[in-house]
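Report on the following structure.
The values are calculated or read from the model by the stated rules, or taken from the named source; none is laboratory data. Fair warning: this is a prediction, and the values are worked out from it, not measured in the lab. A quick note on method: Cβ atoms are made from the backbone with ideal geometry, for glycine too, and the neighbour counts reach across all protein chains shown.
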Amino acid sequence: MSTFYVTTPIYYVNGAPHLGHAYTTIVADAMARHYRQRGDDVFFLTGTDEHGLKVQRSAEEQGIPPQELCDQNSQKFRELFDRMNLTHDRFIRTTESDHEDVVLEIVERMKSNDDVYLDTYEGWYAPSDEAYYDESEIEDGVAISSGSEVEWVEEDSYFFRLGDYEDDLLEWYDEIEGCVAPESRLNEVRSFVEGGLNDLSITRTSFDWGIEWPDDPEHVLYVWVDALANYLTGIGFGEDPEKFERFWPCDMHLVGKDILRFHAVYWPAILMSVGIEPPRGIFAHGWWLVEGEKMSKSKGNWVSADDLLDEYELDVLRYFLLREIPLGQDGNFATSRIVERNNSELADNFGNLVNRTCGMLDSFNDGEVPSPPSSVEPVDADLADAARRARKEVVRAMDERETHVAVEAAMTLSRHLNNYIQQTTPWVLNREDRHQRLEAVLYNIVEGIRWVAVLMAAFTPDTSRAVLDAILADERSDNALAFETLEWGIVEGGFELAAPPVLFEKLDPPEDEDETPDEDTMPESQEETDEEPDNLIDFDHFTDVEFAVGEILAAEPVEGADKLLELTVDLGEPDPRTVVAGIANSYEPDELEGLRLTFVTNLEPASLFGIESQAMLLAATDEDGNHVLASYPEGVKPGASVG
Ligand code: ME8
């Protein structure tokens, strides 16, 4: 069985968790869930980083012992991660005793490899980053890369011979494909190492909140050496050799780009020194920005993860975070974008697909999921192919760490299903009593929905569970999320649908936020590219719009509105829709009855003069500004799709 070991950074406990922490942990959780679905033996580690100057100072500011601050704030992370239903296998704390044992073992090995010596450190240190900086990395008293204030430090320190590992590191970057990703980050790290590495100060004497240096208790271990070793403790290094062997080397240290140097330079060098293989993959993701600046505890511009969860469903937030920015790039945070993605993608695409399907099964098939069809039409074969393509693309994208592409691939299948419904028009099949074909079509739609739910389960787990509970009802097995169930047509059918889930409610846009993010501060990944003219849309956007033929059953003037007519339109559905159209200047009501015209059927309803218009009539305008309607002949039935 393949294994997959994924870690997040362990978070400092100097404050409460924010969206940035939630982001990394949700992405890691999506990876863990995805590989579990593929049958891998997965270990997912997260936790809190509790030693060091930064935590000690926070505790002093609050007038409490550091351990108390750690206990309080670590608990906040743990509670948040429980609230987010994260599926980590261990939540590690660096103040736990098994971790101290691992750290001391690492230090012993570094010493016995003659990689440690005592000297004096003189240089700059930024407590916020717990990082040493060279003169060249500082401007006006702050570290250029992070903006954190630096302090001058002069003290005795044990050093790790990092400089001796330059060649080994460069060789490692070249030989192990994907050891540091994305590629652009690998290049940064490589040039940093090529520029020459100083030995690393790995103890401090001016404070005491840390693991004591063996035989020299004046010194405490530099917090990063302590913290990085958590990745070994988490899977039982020294305690459970079988487990350690199974999961090490780690497949995925997922980190923010702020801490890449620690992971891609210091960590592999330490591992090389102590005789442990370096990790297989370190991936640096981008930052969530607020008005163009990194969101962080120290800047105070952070968005609380708990507040967001009070406002939005967990799956909506997960979907947004995973879909909004390509993994590895920065993105501006705006709640208007959450609302937009929820309304136009989750609610209109996936939610609408499930709701309308449950409605059709109820109205046309007594609420039963039909049995697999005996014959297959080309449109059905296309659908099954699209489902297989989506599965392949989700797998490829996840393996290549393109989470946003994987999410989009699953949603494309959902859009394909909505189109399949428009093409196959189950309501027409029902009206014409073509029962066998109707059942085949309904079966295929349910089967497609099952595939979308399985493909989406790593991203929107609660939704997928609710959908599978409904469409598989009592047939749902513990194995229902496994990718091995993704074979077209394996659901036996012939059972009653459970109560349909309420999936995604439409949300109102936030009132206090500028709807259009400022382009000057918008990262490239979220900007419209100007490679294509503004008026071109891609095929996916086109397929988002549903056009259908509607027959006018009745037309009457709208009181108080000269230009409007209220139309009752048969769109081939169980009930006619009401449509308000601005054509009263060009057509008399009785000219319209019986005409078969083109409508957009999936626009959000709009209220006009107190009447809810549930679709949009398409009409041309002639040279004099009159509306002109193009109608279809008798053979084209209401509900037929146009496109
Ligand atoms: O660095 N956007 O802990 P930390 C995206 N304890 N992700 C963000 C973010 C943002 N604006 N802000 C923070 C530490 N993160 C060390 C790690 S690991 C051995 C020790 C995420 O509490 C991102 O993953 O400062 C970043 O790397 C991490 O939180 C930093 O968390």
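Among the residues of segment 232-261 satisfying the criterion of being among the small types (Gly, Ala, Ser) and within 11 Å of the ligand (Cβ to nearest atom), which is surrounded by the fewest Cβ atoms within 10 Å (Cβ to Cβ)?
Start the filter on segment 232-261 by keeping residues that are among the small types (Gly, Ala, Ser), which leaves 234, 236, 238, 256.
Among the residues that remain, those that are also within 11 Å of the ligand (Cβ to nearest atom) are: 234, 256.
Values: 234: 28, 256: 19.
Of everything passing the filter in segment 232-261, 256 is surrounded by the fewest Cβ atoms within 10 Å (Cβ to Cβ).
Scanning segment 72-93 turns up no residue that is in contact with a strand residue (DSSP E or B) (Cβ under 7 Å, 6 or more places away or on another chain) and within 24 Å of residue 201 (Cβ to Cβ).
For residue 12, the test of being in contact with a strand residue (DSSP E or B) (Cβ under 7 Å, 6 or more places away or on another chain), within 16 Å of the ligand (Cβ to nearest atom) and closer than 16 Å to residue 92 by Cα is passed. Among the residues making up segment 274-291, a single one is touching a helix residue (DSSP H, G or I) at 6+ places or on another chain (Cβ under 7 Å), small (Gly, Ala, Ser) and more than 13 Å from the ligand (Cβ to nearest atom): 275. Restricting segment 262-273 to residues that are surrounded by 19 or more Cβ atoms within 10 Å (Cβ to Cβ) and more than 11 Å from the ligand (Cβ to nearest atom) leaves a set whose member that is farthest from residue 26 (Cα to Cα) is 273. The residues of segment 327-342 that are part of a helix (DSSP H, G or I) and of a type in the set (A, V, I, L, M), listed by number, are 338, 339.
Does residue 562 satisfy the condition of being among the acidic types (Asp, Glu), assigned to a strand (DSSP E or B) and modelled with pLDDT under 90? Reasoning before the result, please.
Details: among the acidic types (Asp, Glu): yes; assigned to a strand (DSSP E or B): yes; modelled with pLDDT under 90: yes.
Spelling it out, residue 562 is indeed among the acidic types (Asp, Glu), assigned to a strand (DSSP E or B) and modelled with pLDDT under 90.
Among the residues of segment 380-434, those identified as part of a helix (DSSP H, G or I) and either of a type in the set (Lys, Arg) or in contact with a strand residue (DSSP E or B) (Cβ under 6 Å, 6 or more places away or on another chain) (or both) are 388, 389, 391, 392, 396, 415, 422, 423, 431. Could you grab me the full set of residues in segment 540-559 that are modelled with pLDDT of 90 or more and either farther than 17 Å from residue 600 by Cβ or assigned to a helix (DSSP H, G or I) (or both)? Within segment 540-559, 553, 554, 555, 556, 557 meet the criteria.
Each row is one residue, and each column tells you yes or no for (1) within 14 Å of the chain's Cα centre (by Cα); (2) under 20 Å from residue 494 (Cβ atoms); (3) at pLDDT 95 or above.
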site	(1), (2), (3)
305	no, no, no
319	yes, no, yes
323	yes, no, yes
327	yes, no, yes
339	no, no, yes
342	yes, no, yes
348	no, no, no
360	no, yes, yes
372	no, yes, yes
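For segment 341-364, check the following and say yes or no: at least one residue is closer than 16 Å to residue 501 by Cα, buried (at least 22 other Cβ atoms within 10 Å of the Cβ) and not assigned by TED's automatic domain parsing to the domain that holds residue 488. No, that holds for no residue.
I'd like to check which strands (runs of 3 or more DSSP E) are fully inside segment 252-326 and have at least 3 residues that are in contact with a Phe, Trp or Tyr (Cβ under 8 Å, 6 or more places away or on another chain) and closer than 20 Å to residue 188 by Cα.
Numbers: elements: 252-256, 282-285, 288-290.
Per the criteria, 252-256.
Please verify whether segment 225-242 includes one or more residues that are in contact with a Cys (Cβ under 8 Å, 6 or more places away or on another chain), assigned to a helix (DSSP H, G or I) and closer than 11 Å to residue 5 by Cβ. Yes, segment 225-242 has at least one match. Residue count for segment 292-331 under the criterion of being within 11 Å of the ligand (Cβ to nearest atom), in the same structural domain as residue 27 (by TED's automatic domain parsing) and not small (Gly, Ala, Ser): the result is 8.
Each row is one residue, and each column tells you yes or no for (1) among the aliphatic types (A, V, I, L, M); (2) under 16 Å from residue 268 (Cα atoms); (3) surrounded by 16 or more Cβ atoms within 10 Å (Cβ to Cβ); (4) out of contact with any strand residue (DSSP E or B) (no Cβ under 9 Å at 6 or more places or on another chain).
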residue	(1), (2), (3), (4)
141	no, no, no, no
145	no, no, no, no
155	no, no, no, no
161	no, yes, yes, no
167	no, yes, no, yes
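Does residue 579 satisfy being over 34 Å from the mean Cα position of the chain (by Cα) and farther than 24 Å from residue 343 by Cα? Outline the logic, then answer.
Details: over 34 Å from the mean Cα position of the chain (by Cα): yes; farther than 24 Å from residue 343 by Cα: no.
No.
Between 82, 40, 29, which is modelled with pLDDT of 95 or more, more than 10 Å from the ligand (Cβ to nearest atom), buried (at least 22 other Cβ atoms within 10 Å of the Cβ) and among the acidic types (Asp, Glu)?
Details: 82 fails: buried (at least 22 other Cβ atoms within 10 Å of the Cβ); 40 fails: buried (at least 22 other Cβ atoms within 10 Å of the Cβ).
Residue meeting the stated conditions: 29.
Among the residues of segment 64-75, some residue qualifies, meaning at least one is over 28 Å from residue 321 (Cα atoms), within 16 Å of the ligand (Cβ to nearest atom), touching a residue at least 24 places away in the same chain (Cβ under 8 Å) and more than 33 Å from the chain's Cα centre (by Cα).
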